[in-house]
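The values are calculated or read from the model by the stated rules, or taken from the named source; none is laboratory data. All values derive from a computational prediction rather than experimental measurement. Counting neighbours? That spans all protein chains shown, and the Cβs are built from the backbone with ideal geometry, glycine included. Ligands, DNA and RNA are stripped out before the accessible areas are found, and what is left, the full protein with its side chains, is counted by its heavy atoms. Shrake-Rupley method; radii C 1.70, N 1.55, O 1.52, S 1.80 Å.
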Amino acid sequence: MKNEYKVSLDPVTFEVIRGGFKYIPRRMFESFQKMSFTTIIYEIADFSVSIYDKDVNLIGQNAGCPIHLGAMSFSTRECVNRFPDMSEGDAVVLNDPYAGGTHTPDITVVTPMYYEGKHAGYACARGHWIDVGGGGTGSQAWGTHIASEGFRIFPTKLMEKGKLNEYLVKLMQNQVRMPDRVEGDFMAQIGCCRIAEREMKGLIDRLGFDTVVNKGAKEVVKYTESIFREKIRKMPDGVYEGIDYTESDGITGKTLEVKIKLTVKGDQIGIDFTGTSPLAEGAINSPLANTHGAVLYSLCGMLAPELPINEGLYKAFDIHVPEGCFLNAKWPYPTIGSTTHTATKIATAVWMALNKAVPPEKAIGSTYGECNWYIASINDPKTGAPNLISDLPSGGWGACSSHDGMNACNDPHIVSALLMSAEVAEQCHPVHWLQYEMRPDSGGPGKYRGGVGMVFKFKPKDDMLLSMETSRTKIGAPGTQGGGRGSVQYVLKESRSGSYKTIMGRELDSNIEDLSGWQMSLRSDVKFEKGSSFVLLTGGGGGYGNPLERDIALVQKDVIQGYVSLEGAKNDYGVVIEEQTLEVDEESTTILRKKLSEDSSFKEYIQGPRTDYISLEHLIKNRPDKVMA
């Protein structure tokens, strides 16, 4: 169906404006990253920026974390509602989960944009701060009350007519574990918003205030809406259900379900979360802003990844989140895991529903579905002060009808975020980076294989307290169209002597069906003594299609490249490969594939919980007798 919307501006002017609304956030992004004082922002890029028209409609963004996209609109509107007459030089800050925020470490700054005294819109910068106080390292307390998650700011003037609110800055410095970063990161966020205003002035200088601000903003939004609605009209009307779950809330160990009904009717989509589990005692409750953000990026990522994100997308779908469910957080329910943990489950449920609505060739297997966000506090031997390090160890993405899933890549809702390099980690933090490599057999088996996860290991130079969230430790990411699940995740502490202790999830040496020793997969301030190491085995993505239909040459290539072991090739794909030559035994392969295709338990096996064929001793390198003391 051809897009019938006609813009009122001439095509050249329209494209210049549309390009300008993409360029301005890109400039904001670059400047924020360069000005920040904290590795989680300037190295990992856990931040996002956006611009809005005078009526607070989103017109452009650049996301380090796609989960921020929809949520930042809530934050900006809260700031504008609180201060509707912001002056030139003003800046408003918030992080309150119940007032447009998500979790407390996401600090949002909003400034007005003016042109020759006329209001032209708003700029917004959100950054994940390494710590905002509270009861756990990096504010990851995993408690039962929002008070444990640090300093909570409702919309407040951070700057007024160019003068910084020194009182607020000092108040914030008194709350956090690394106070020397506070003023610098505040000013970086304000500075990148000032750059947005400067670039907007340049665009208006070229084309005129009325053309850009009054006409162009509306036209860009309407154009995006029309294209998105066109894509929805191509889907069959109907009601499609999806479900995912959290393994625990960090307190009770209860499984909480995310249930959705996705209704397609004409050119509109409805998302209904009725049936989702009630508010959680632990810290995985999701504020409405975060829930809307997860729906936005999951819908757009699958249906219209090429479209610029702006207000036009919101107009094409409706979201119903019932009161009392854990995706509609209310005070004082804690929310620290909302953006990094719960959002992944929302997205997976949306994708599982969409897989039923789109043609099979457009379906996708699930990603490893977790951020694996950790924050560690280590006593710096040089200064004696606490040094905080945070990262997001990656896993595998789901496969689709044309190719394998991406290997060792951040989950989609933080996909633009980067992995911290060993060089930066060791330069900025008191750690030794010991291992960062692919985890064989972790990708879900399929005609197209799920992306593989990784084996990650580092050793602190002194005692360390580690707070972390993970999931998929009971059963891995689901595949689609007959594809198998990715592997489960493991979180371990390696002692000075080389022994291992499970600190989250299932016991490493237990039977894959045995969950009797399973431990909570969200924990705060786990102690690592000097000389011990942190080890994480991340999961793979779900597979696509019958693994017995995978090209034998691709299985052989996977074995050669280390993505699949010899045993994995045999058990998961029915391909027999000679150990010494790595050549395929074609006769044995034909016999084995026929046998497995007739075995009803094979499908149950690949779609059940999966772990490693390779022993721990071979997976984990740099054992204590080989590393620095």
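Structure summary
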{"quantity": "Every residue from region 164-213 that is among the basic types (Lys, Arg), in contact (Cβ under 8 Å) with a residue 24 or more places away in the chain and either over 16 Å from Tyr23 (Cα atoms) or open to solvent by less than 30 Å² (accessible area, probe 1.4 Å) (or both)", "calculated": "Arg177, Arg181"}
{"quantity": "Single unsatisfied condition, Tyr5 versus (1) closer than 20 Å to Tyr314 by Cα; (2) of a type in the set (Phe, Trp, Tyr); (3) at pLDDT 95 or above", "calculated": "(3)"}
{"quantity": "Check on Asp514, in contact with a Lys or Arg (Cβ under 9 Å, 6 or more places away or on another chain), assigned to a loop (DSSP other than H, G, I, E, B) and surrounded by fewer than 13 Cβ atoms within 10 Å (Cβ to Cβ)", "calculated": "yes"}
{"quantity": "Residue match in region 465-479 (condition: under 19 Å from Ala353 (Cα atoms) and of a type in the set (D, E, K, R))", "calculated": "no"}
{"quantity": "Residue identified as surrounded by 24 or more Cβ atoms within 10 Å (Cβ to Cβ) and not aliphatic (A, V, I, L, M) among Ser495, Ser471", "calculated": "Ser471"}
{"quantity": "Qualifying residue in region 356-377 (condition: under 16 Å from His128 (Cβ atoms) and in a helix (DSSP H, G or I))", "calculated": "no"}
{"quantity": "Scope region 135-163; condition within 22 Å of Asn387 (Cβ to Cβ), open to solvent by 40 Å² or more (accessible area, probe 1.4 Å) and in contact (Cβ under 8 Å) with a residue 60 or more places away in the chain; matching residues", "calculated": "Gly135"}
{"quantity": "The listed residue being outside any loop (DSSP other than H, G, I, E, B) and not assigned by the TED database to the domain that holds Trp397, out of Ala289, Ala280", "calculated": "Ala289"}
{"quantity": "Members of region 420-451 that are in contact with a Lys or Arg (Cβ under 6 Å, 6 or more places away or on another chain) and in a loop (DSSP other than H, G, I, E, B)", "calculated": "Pro430, Gly443, Gly444, Lys447"}
{"quantity": "Test for Ser532: is it modelled with pLDDT under 95 and not basic (Lys, Arg)", "calculated": "no"}
{"quantity": "Residue check, Glu598 exposed (fewer than 12 other Cβ atoms within 10 Å of the Cβ) and over 30 Å from the mean Cα position of the chain (by Cα)", "calculated": "yes"}
{"quantity": "Answer residue from region 261-282, given it is open to solvent by less than 20 Å² (accessible area, probe 1.4 Å) and touching a helix residue (DSSP H, G or I) at 6+ places or on another chain (Cβ under 7 Å) and is farthest from Thr344 (Cα to Cα) among those", "calculated": "Val264"}
{"quantity": "Residue within region 95-105 that is of a type outside the set (Val, Ile, Thr), crowded, with 24+ Cβ neighbours inside 10 Å and not in a loop (DSSP other than H, G, I, E, B) present", "calculated": "no"}
{"quantity": "Any hit, region 341-355, residues being surrounded by 24 or more Cβ atoms within 10 Å (Cβ to Cβ) and at pLDDT below 90", "calculated": "no"}
{"quantity": "3 or more residues open to solvent by 40 Å² or more (accessible area, probe 1.4 Å) and over 24 Å from Lys161 (Cβ atoms): qualifying helices (runs of 4 or more DSSP H) within region 1-85", "calculated": "11-35"}
{"quantity": "Residue in region 424-440 that is polar (S, T, N, Q) and open to solvent by 30 Å² or more (accessible area, probe 1.4 Å) present", "calculated": "yes"}
{"quantity": "The one condition in (1) farther than 27 Å from Met454 by Cα; (2) touching a helix residue (DSSP H, G or I) at 6+ places or on another chain (Cβ under 6 Å); (3) buried (at least 24 other Cβ atoms within 10 Å of the Cβ) that His292 fails to fulfil", "calculated": "(3)"}
